[in-house]
Amino acid sequence: MNIIIVGCGKVGLTLAEQLDQEGHNLVVVDNRASAIDNITNFMDVMGIVGSGASYSVLLEAGIEKADLLIAVTGSDELNLLCCLVARKAGKCHTIARVRNPVYNDEIEFIKEEMGLSMTINPELESAIEMAALINLPSAIEIDTFAKGKVELLRFQVPENSVLNDMKIMNISSELHSKVLVCIVERDDQVFIPSGSFRLHSNDIISIVASHKNAIDFFQKIGIFVESSKNVMLIGGSTLTVYLAKRLADSDIKITIIEQNIDRCEELSDLLPNAMIINANATENNVLLEEGIETVDAFASLTNYDEENILLSLYANKCSKAKVFTKITRMTYDNIVGELPLGIIINPKLVTADRILQHIRAMENSKGSNVETLYKLADNKVEALEFYARSNAGLLGIPLEKLQIKPNILVSCINRNGKIIIPNGRDYIQAGDTVVIVTTNKGLNDLNDILL
């Protein structure tokens, strides 16, 4: 596809890296020459210095032949204007990053009137992910397939777990659980495991299952599955507001600590059911006085990465809470990854992931049959949901008789709403959607899994 990216910040850079690897023709546009140089110096992409809202700049970028324009500058209004000009100058699809909560209630109207293919709100998407994890504390990450009927859950195997030293092929017979282990992360290695693979304590594993079967599995291996009862959020950011609203309908006590008194008053109006505390969370004993030792979930969501890191380290030390740490700059990601910071929340990377999923869906209409795509295990693994068309070369053949490429696992089959966790005797029919987990990149068709 011919794609124009306007805005070369962290999101634009991440998108350019991923889309370049997948073989798309890219043009990047930014007002800052240094940002353009940063991308064009190590990627085979065309760079243009200028405003993405300029008709002449977009013509130079090839808008007339573009399939898609993605506007991810720091300004919502500029992003929308870029998309509007692009729609008038060419016939391409458009995606805009829109963050301001003022626009959130009107976003469907904006999309329809401006002809946008997609809008993405980083803080809202991050809040949705966090709410799901707070409601299922045992999981580190949750992704969904088959329109929500199937979940891919990532969690760590506890010490002295029944899973320790168990072969994956024995999970079904010994635990009577309908789940499939599809990814194992051990130290710095990532495995797409076979049935004879033995699990160890402290492995981080990903399973595919229905929500009901996942809950049953967690209970059988002795992992806590009840949703959180009380949550402490640090910082009154937009992300905090979105998250608190997502949790408002559940029976969860929410405490928000914010040091700006004016913002506290705003939060009181926006979130009448939450307890708003005006205090500096980094001061001695503030967190202890507000009950950090007894909370089930703790999220440090200020606008300062260093503060979030310190607060999360403290929370991890003095409580058993599920910890979330907002980090927007990944300059020291190798070091951060070694710290006990719980779940890292990076709205910019969430934005890039959602846009990449949408692009795969667009390719679906152009011949690819990828329905859903998730990047997992630090982008080392892809989980893809394919639609099985009638011309697929593997229909009706038992999986055990197919010549499937290495490091590919057929994890789930959705047949008219019936979820099948497959064994070797199961087969794929036309009309099924099939979840494939693989370390191989760039699969575009279900036939691509075959040798």
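The values are calculated or read from the model by the stated rules, or taken from the named source; none is laboratory data. The model shown is predicted, which means the values in this text are computed figures rather than measured ones. Because the Cβ atoms are built from the backbone with ideal geometry, glycine has one as well, and the counts that use them run over all protein chains shown. Each accessible area value is taken on the protein alone, full model and side chains, heavy atoms only, with ligands, DNA and RNA left out. Shrake-Rupley method; radii C 1.70, N 1.55, O 1.52, S 1.80 Å.
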Subject >> the chain - accessible surface per residue (Å², probe 1.4 Å) >> reply: 46 Å²
**OP:** Please give, to one decimal in nm, the separation of the simple spin-label points placed at A430 and N285, each 7 Å out from Cα toward the Cβ.
**Re:** 7.4 nm
Original post:
So which DSSP H runs in the chain come out at 15 Å plus along the axis (Cα) with average Kyte-Doolittle of at least -1.0?
Top reply: 10-21, 76-89, 122-135, 305-318, 347-364
**OP:** Find which of L59, N160, V27 sits farthest along the positive direction of the dipole of the chain, computed with +1 on the beta-carbon of Lys and Arg, -1 on that of Asp and Glu, about the Cα centre.
**Re:** N160
Original post:
Where in segment 411-444 does the label zone of E400 land, with the point 7 angstrom along Cα→C-beta and an amide N cut-off under 13 Å?
Top reply: 423-427
**OP:** Indicate, rounded to the nearest 5 percent, the antiparallel portion of the DSSP beta bridges found entirely in the chain.
**Re:** 50 percent
Original post:
In nm, to one decimal, how far is the modelled label at N423 from the one at T40, with both set 7 Å along Cα→Cβ?
Top reply: 5.9 nm
Subject >> Simple Cβ-charge dipole of segment 328-451, Lys/Arg +1 and Asp/Glu -1, about Cα centre, in debye nearest 20 >> reply: 140 debye
Original post:
When Lys and Arg each count +1 and Asp and Glu each count -1, what net charge do the other residues less than 9 Å away from L26, Cβ to Cβ, add up to?
Top reply: -2
Original post:
Over the Cα atoms of segment 309-451, how large are the radius of gyration and the largest Cα-Cα distance (Dmax), in Å?
Top reply: 19.1, 58
**OP:** Place +1 on the Cβ of every Lys and Arg and -1 on the Cβ of every Asp and Glu in the chain, take the dipole about the Cα centre, and give the residue among I276, L233, L68 whose Cα lies farthest towards its positive end.
**Re:** L68
Original post:
How big is the Kirkwood radius of segment 140-179, worked out from every pair of different alpha carbons and given in Å to one decimal?
Top reply: 11.9 Å
Subject >> Computed FRET value (nearest 0.05) for D378 with V49, which takes r as the C-beta separation and R₀ as 30 Å >> reply: 0.40
Original post:
Which value, in Å² rounded to 10, gives the accessible area of L399 with a 1.4 Å probe and all protein chains present?
Top reply: 20 Å²
Original post:
Looking at (i) 23.6; (ii) 22.7; (iii) 24.8, which value of Kirkwood radius over Cα pairs in Å comes from a calculation on the structure shown?
Top reply: (i)
Original post:
Got a sec? Charge dipole of segment 74-210, +1 on Cβ for Lys and Arg, -1 for Asp and Glu; which of T94, I171, I134 is way out at the positive end?
Top reply: T94
Original post:
Mind checking the dipole of the chain: about its Cα centre, +1 per Lys or Arg Cβ, -1 per Asp or Glu Cβ, Debye to the nearest 20?
Top reply: 1440 debye
Subject >> Value of relative contact order over the chain, rounded to a whole percent, pairs C-alpha under 8 Å and six or more apart >> reply: 11 percent
**OP:** Mind putting a number on the dipole of segment 249-396 about its Cα centre? Charges go on the C-beta only, +1 for Lys and Arg and -1 for Asp and Glu, and I need it in Debye to the nearest 20.
**Re:** 860 debye
Subject >> L310-E108 pseudo-label distance in nm [points 7 Å out on the Cα-to-Cβ vector] >> reply: 4.5 nm
Original post:
Mind ordering 427-439, 263-275, 404-416 by average Cβ neighbours within 10 Å, highest first?
Top reply: 427-439, 404-416, 263-275
**OP:** With r as the distance between the Cβ atoms of N164 and D187 and R0 = 22 Å, compute the FRET efficiency 1/(1 + (r/R0)^6) and round to 0.05.
**Re:** 0.85
